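Visitor: The structure's right below; bear with me while I get my questions together.
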């Protein structure tokens, strides 16, 4: 693995880590979701400092160049994060639907009770 690629990985990992920390501090990213991104940063740093691991895995998996393996793992990691976020989004959509239904029922009952109270005041 070239020194240039290793340097790029270190710089990218540090930039991503800085963005993650700033986003958590500004409350734009919840701490629980930042762990996935921090794992990616850690993986990049491990590969950058210990390129022998990637070269060994390339030989084991019959991948021609270490950079291809890094891109493959990056794509797989992003796909996993995307899947996880999709499941969270689905759960939140279900919760929003339930909350909307509950609010509608409460509003209906409140309006019904107010109507009954007005009827009682008329008599």
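We did not get these values from a lab; they are worked out from the coordinates using the rules stated. It should be emphasised that the depicted structure is a prediction, and the values quoted were computed from it without experimental measurement. Using ideal geometry, Cβ is built from the backbone for each residue, glycine included, and neighbour counts are taken over all protein chains shown.
Visitor: Running a GNM on the chain with Cα contacts under 10 Å, which residue among 103, 20, 63 ends up with the highest mean-square fluctuation?
Guide: 103
Visitor: Right, next: Before anything else, pin down the relative contact order of the chain: Cα pairs under 8 Å, at least 6 apart, normalised by residue count, whole percent.
Guide: Computed over the chain, the figure is 21 percent.
Visitor: What does the extension gain come out to for residue 19 and residue 42, with contour length at 0.36 nm per residue minus their alpha carbon separation?
Guide: 6.8 nm
Visitor: Once you've got the GNM for the chain with C-alpha springs shorter than 10 Å, pick whichever of 44, 80, 60 has the biggest mean-square fluctuation.
Guide: 60
Visitor: For Cα Rg over 2.2 N^0.38 Å, several values are listed as [x] 1.13; [y] 1.90; [z] 1.20; flag the one computed from this structure.
Guide: [y]
Visitor: Then there's this: Between 69, 17, 61, which gets the highest mean-square fluctuation from a Gaussian network model of the chain, Cα cutoff 10 Å?
Guide: 61
Visitor: Cut-off 20 Å, label point 7 angstrom out along Cα-to-Cβ of residue 35: give me the residues of the stretch 74-100 whose amide nitrogen falls inside.
Guide: Backbone N within reach: 77-92.
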